[in-house]
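The values are calculated or read from the model by the stated rules, or taken from the named source; none is laboratory data. Since the structure is predicted, the reported quantities are computational estimates derived from the model, not experimental observations. Cβ placement follows ideal geometry from the backbone for every residue including glycine, while neighbour counts extend to all protein chains displayed. Quick note on the areas: whole protein, heavy atoms, side chains included, nothing else; ligands and nucleic acids left out. Shrake-Rupley method; radii C 1.70, N 1.55, O 1.52, S 1.80 Å.
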Amino acid sequence: VGKKAPPISLFKLDNNKYFRSKELIGKKNLVVSFFATWCVPCAKEIPELMKMSEEFGNDFQFMLIDVNEKKSIVKKHVAEKDITIQVVLDKYGKVFKSFGGESLPLLVVINKNGIISYYHNGYVKGDEKKLRKHLNSL
């Protein structure tokens, strides 16, 4: 927290175009959750993030980054779970590692200036309250 966020440049799941975090600097706060289809706490966190994505609207970009999985598996999972947030693929886990990621989910908020303002590993019920409070402070 307080450091400049590493760049995120990854393929979007839905169209083979790149998502580049630098394009949001100065425009939006970025809320990123690194996840995997097999991760149980991730499955509990994602619906909360989808609710917040609608709640916070245009000042925020919510995004899920799948770590180390094949596109076909992720695509099926997103369809089955009806995930409405942008999903990008960190096929080799390099971006996850650049954020110091060790376990999933890893939630990172990058403010409009490109600085990490929130960093949280894991998910238990109630974590979303801390996140909401933080997002309201930005």
For the chain, report the accessible area per residue in Å² (1.4 Å probe, heavy atoms, rounded to an integer).
-> 55
Please turn the phi angles of segment 114-126 into ³J(HN,Hα) values with the Karplus equation 6.51 cos²θ - 1.76 cosθ + 1.60 (θ = phi - 60°), one per residue in order, whole Hz, x for glycine and proline.
-> x, 9, 6, 10, 7, 8, 9, 9, x, 8, 10, 3, x
Calculate how large, on average over all directions, the projected area of the Cα convex hull of segment 95-138 is; give the answer in nm² to one decimal.
-> 3.3
Accessible surface of the chain, 1.4 Å probe, proportion on carbon and sulfur as whole % = 53
Quick calc, segment 71-128, dipole around Cα centre from Cβ unit charges on Lys, Arg (+) and Asp, Glu (-), nearest 20 debye, gives 300
Ranking Val31, Pro47, Ile115 by how far each Cα lies towards the positive end of the charge dipole of segment 1-133 (+1 on Lys and Arg Cβ, -1 on Asp and Glu Cβ), the top one is Ile115
Highest GNM mean-square fluctuation among Ile83, Ile73, Ile46, for the chain with Cα springs under 10 Å, belongs to Ile73
Where a Cα-Cα gap under 17 Å defines reach, which lysines qualify for Lys130, not counting those fewer than 8 residues away within the same chain?
-> Lys44, Lys51
Filtered chymotrypsin sites (Phe, Trp or Tyr not before Pro), segment 17-75: DSSP coil and at most 16 other beta carbons within 10 Å | Trp38
Given H placed on each backbone N at 1.01 Å, which residues far from Tyr118 in sequence or on other chains put an amide H within less than 5 Å of it?
-> Val109
Qualifying aspartates and glutamates (Cα of each under 18 Å from Cα of Lys97; at least 8 residues distant if same chain) | Asp66, Glu69
Rg over Rh [alpha-carbon atoms, Kirkwood Rh] for segment 1-95 = 0.94
In whole Å, what is the distance between the alpha-carbon centres of segment 1-43 and segment 76-138?
-> 7
For segment 28-34, what does the Karplus curve 6.51 cos²θ - 1.76 cosθ + 1.60, with θ = phi - 60°, yield as ³J(HN,Hα) per residue in whole Hz, taken in order and with x for Gly and Pro?
-> 9, 7, 10, 10, 10, 10, 7
Let me have the 222 nm mean residue ellipticity of the chain computed from DSSP H runs of 4+ only, each contributing -39500 (n - 2.57), with the sum over all residues rounded to the nearest 500.
-> -9500 deg cm²/dmol
